[in-house]
C-alpha cells in the first residue's frame, strides 16, 4: 500500500486529492491501494456529496471567518477540519478485497482495523452508529465512503488536539443523527483522542503497512480542482 503524507496548499486541492487518488486506483490495471494523511492548516468545512450546505452549515459564520466550504465526493454529514484534526483516506481495491463490495463489510473492516491500530492510544475506542469511532458516547472520528466499479474510497477525521468549539460555531445541528447522540449539541458529543499526531500517524502507517511515495496524480488533481472543487456550482449545488 502506498503512503501519501501530503497536505496541499489550498482547501480545494486537499479535498480534490482524495478523489484523484480514487480515480488513479480505478484506472489501474492492477490492484492499487493507498493511505493518505493530511491536516488542514486553517479551518474549513466539508459537506457530503448529497448534503445541503445551507441546512448543515452556518454559512454566515463561515463568511465572517472567511472559512472555505467545499463538497466532497463521498456521502455523510458536514465536518470541520483544522489543526488538531488528522484527516485520513484509504483507497482499497475490490480486486484484492472482493468482500468489501458489501458496504456493511467495508464499514466493519475499515473501522475495526482503525480501532485495532489505535487501541494502545485510546483504550475503549469502539464503533458507534454506522461509521463513527467513539470513546464511550463521545465521538472522535467520523467517516464516509465512495464506491466505484473496482475501488472504494473510505476517509474520515481523527480529532486529537482540535478546538471543539469550531464545530458548534460553523455547523448547524445535522439533520440525520445516530441514536447514541441523543440530541446532544456538538460540544457535548465530540472529544479529542488523547494522543499526539505523530503517535496516531505511526499507528496508522504500521497498521496499513503503508510505504511512502511521491508519485501522486497531479494532472487529475488539477482537472478536479479547476472543473469542480473551485466552483460554487459544485460546492453549493444543493
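Against the numbered list (1) more than 16 Å from the chain's Cα centre (by Cα); (2) touching a residue at least 24 places away in the same chain (Cβ under 8 Å), residue 13 comes up short only at (1). Can you find a residue that is touching a residue at least 40 places away in the same chain (Cβ under 8 Å), touching a helix residue (DSSP H, G or I) at 6+ places or on another chain (Cβ under 8 Å) and closer than 18 Å to residue 77 by Cα anywhere in segment 24-43? Within segment 24-43, one or more residues are touching a residue at least 40 places away in the same chain (Cβ under 8 Å), touching a helix residue (DSSP H, G or I) at 6+ places or on another chain (Cβ under 8 Å) and closer than 18 Å to residue 77 by Cα. Taken together, the criteria exclude residue 190 from residues that are closer than 23 Å to residue 8 by Cα and in contact (Cβ under 8 Å) with a residue 40 or more places away in the chain.
The residue that is farthest from residue 208 (Cα to Cα), among those in segment 32-50 that are surrounded by 15 or more Cβ atoms within 10 Å (Cβ to Cβ) and more than 15 Å from the chain's Cα centre (by Cα), is 32. All conditions but one from (1) free of Cβ contacts under 8 Å to residues at least 40 places away in the same chain; (2) touching a strand residue (DSSP E or B) at 6+ places or on another chain (Cβ under 6 Å) apply to residue 142; the one that does not is (1). When residue 216 is tested against the conditions (1) modelled with pLDDT of 95 or more; (2) within 29 Å of residue 109 (Cα to Cα); (3) touching a strand residue (DSSP E or B) at 6+ places or on another chain (Cβ under 8 Å), the lone failure is (1).
Applying the condition of being assigned to a helix (DSSP H, G or I) and under 16 Å from the mean Cα position of the chain (by Cα) to segment 152-197 and asking which residue is surrounded by the most Cβ atoms within 10 Å (Cβ to Cβ) yields 167.
Against the list (1) farther than 23 Å from residue 4 by Cα; (2) touching a strand residue (DSSP E or B) at 6+ places or on another chain (Cβ under 7 Å); (3) surrounded by fewer than 18 Cβ atoms within 10 Å (Cβ to Cβ), the condition residue 115 fails is (1).
From 72, 97, which residue is touching a residue at least 12 places away in the same chain (Cβ under 8 Å) and farther than 26 Å from residue 43 by Cα? Criteria check complete, one pass: 97.
The values are calculated or read from the model by the stated rules, or taken from the named source; none is laboratory data. A quick note: this is a predicted structure, and the numbers were derived from the prediction, not measured. Here the Cβ is made from the backbone with ideal geometry for all residues, glycine too, and neighbour counts use every protein chain on show.
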